[in-house]
1. For residue 373, state whether it is in contact (Cβ under 8 Å) with a residue 60 or more places away in the chain, under 22 Å from residue 103 (Cβ atoms) and touching a His at 6+ places or on another chain (Cβ under 8 Å).
2. Report yes if some residue within the stretch 117-124 is within 13 Å of ligand 1 (Cβ to nearest atom) and touching a Lys or Arg at 6+ places or on another chain (Cβ under 8 Å); otherwise report no.
3. Here are the criteria: (1) surrounded by fewer than 20 Cβ atoms within 10 Å (Cβ to Cβ); (2) out of contact with any Ser or Thr (no Cβ under 7 Å at 6 or more places or on another chain); (3) among the β-branched types (Val, Ile, Thr). Tell me which single one residue 319 does not satisfy.
4. Residues in the stretch 17-38 that are in a helix (DSSP H, G or I) and either touching a strand residue (DSSP E or B) at 6+ places or on another chain (Cβ under 6 Å) or of a type in the set (A, V, I, L, M, F, W, C) (or both): how many?
5. Kindly provide the set of residues from the stretch 323-345 that are open to solvent by 30 Å² or more (accessible area, probe 1.4 Å) and of a type in the set (A, V, I, L, M, F, W, C), ordered by number.
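The values are calculated or read from the model by the stated rules, or taken from the named source; none is laboratory data. Nothing here was measured: the structure is a model prediction, and the numbers come from that model. Neighbour counts run over all protein chains shown; Cβ positions are idealised from the backbone, glycine included. Just the protein is used for accessible areas: all its heavy atoms, side chains included, with ligands, DNA and RNA removed. Shrake-Rupley method; radii C 1.70, N 1.55, O 1.52, S 1.80 Å.
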Amino acid sequence: MHLSGDRLLDDLVKLGEIGAREESGRTRLVLTPEDFEARRFLITRMKEARMQVRVDQVGNIIGRRGNSTKDDLPVLAFGSHIDTVPSAGTLDGCYGVLAGLEVIRTLNDERAETRHPLELISFSNEEGVRFPMMIGSKVASGIMDLETAYELRDNAGITYRQALEAGGLLEGALVAARRTPGEIGAWLELHIEQGPILESERLKIGVVESIVGLVHMLVTIQGRAGHAGTTPMNARRDPMLAAAQIILEVNKIGRELSRSSVGTVGLLNVQPGAMNVIPGKVEVGIDLRDTSGERIDQGMQKVRSAIDAVCKKLGLEYTTRERARLAPQPMSRKVMGSIELAARRLGASYKVMPSGAGHDTQNMARICETGMIFVPSKGGVSHAPDEWTDPTDLALGANVLLETLLELDRT
Ligand code: GLV
Ligand code: MN
Ligand code: MN
């Protein structure tokens, strides 16, 4: 059985148009009008592929293919997410979902039955830009309970529950989001690598062996707003100075903690935010990652000490709040073996490698066997509008997904 990439590419372009703005990619933060439009697009496509579609209590979209010979066997599930970061490319998340859809359509075209029921899942709020990361898979896997998820707030104070309601997603009979133990046998996520390794080594497929862990922390530094022209330099309480030093410290810790560690400040909220005003308050968003959970804790300890020292020296008050945490997660040996077998059958060069990006897969590992398939990213670029993968590689990755599912279905 072989899948043609044409319909997949067509769908990627169409989904990529939703929320697109010239020069700045597309922005589909979760549970915004753009995300709702993307959800409608996906649900329509799923129904066209004769899937039974349901949306659960946290907004995960689940399409089930009915043609299995043993409906009581655990589900083989696969997919990814369709929400994006601001100014995103077309592939992060969407590729895994739409390739999964194309797998289903190919099975339909071939009138193929599987032993296990198949479910294509698009997890809600993977990116965690508006709300803390990966609410959909955290609730599905039991890492977060539903009430906690519902009470999470965005910057405007809107709760996740209110945002779901605004999209009409909490109307009617609701489907439980939490998956029961044993219900899902395996979860597979096909994704672009988002880094430079496969391209630089001229390899076609990455078999993911582990996913990094991460912590997101928000630091709020309080200063005293004032006139930029009249306040003498030695009479200021400027939280931006602390932010600047914290940014340098996070970069240093990211470089020095271990070979796998990375540290980033990608968010600065400056208030009131004008060139001629000394800021009164600055919020700094920190992302620290490592393959070891212990080292993340050590790194965060260093980050906290640095923040404390910097703010004390400048006489500034501050608070910190952990916004999200993901544990590092090894993948299932069995699923990795099936992916390797599939790659070999398709004559695709591959390597076993870690993932530096976070994925819903690391949460799903709590309740089932999990695996991830990577395809090369041009220039290693992702979370940016020029994210790109050669269409031949996209089709090959989708075929590896199909072949891996068929292999897992046999066992
Ligand atoms: C998910 O996109 C991440 O930030 O790794
Ligand atoms: Mn992703
Ligand atoms: Mn992403």
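1. Spelling it out, residue 373 is indeed in contact (Cβ under 8 Å) with a residue 60 or more places away in the chain, under 22 Å from residue 103 (Cβ atoms) and touching a His at 6+ places or on another chain (Cβ under 8 Å).
2. No, there is no match, as no residue in the stretch 117-124 is within 13 Å of ligand 1 (Cβ to nearest atom) and touching a Lys or Arg at 6+ places or on another chain (Cβ under 8 Å).
3. Answer for residue 319: the failing condition is (2).
4. Adding up the residues that qualify gives 2.
5. Result: 327, 341.
Residues are listed down the side, and each one gets a yes or a no for (1) in contact with a His (Cβ under 9 Å, 6 or more places away or on another chain); (2) within 16 Å of ligand 1 (Cβ to nearest atom); (3) at pLDDT 95 or above:
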site	(1), (2), (3)
263	no, yes, yes
272	no, no, yes
278	yes, no, yes
313	no, no, yes
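Condition check ((1) within 16 Å of ligand 3 (Cβ to nearest atom); (2) touching a helix residue (DSSP H, G or I) at 6+ places or on another chain (Cβ under 9 Å); (3) farther than 23 Å from residue 10 by Cβ; (4) among the acidic types (Asp, Glu)) across all residues:
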residue	(1), (2), (3), (4)
341	no, yes, yes, no
361	yes, yes, yes, no
365	no, no, yes, no
388	yes, yes, no, no
399	no, yes, no, no
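Each row is one residue, and each column tells you yes or no for (1) under 17 Å from the mean Cα position of the chain (by Cα); (2) at pLDDT 95 or above; (3) closer than 30 Å to residue 244 by Cα.
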| residue | (1), (2), (3) |
| --- | --- |
| 191 | yes, yes, no |
| 197 | no, yes, no |
| 204 | no, yes, no |
| 214 | yes, yes, yes |
| 219 | no, yes, yes |
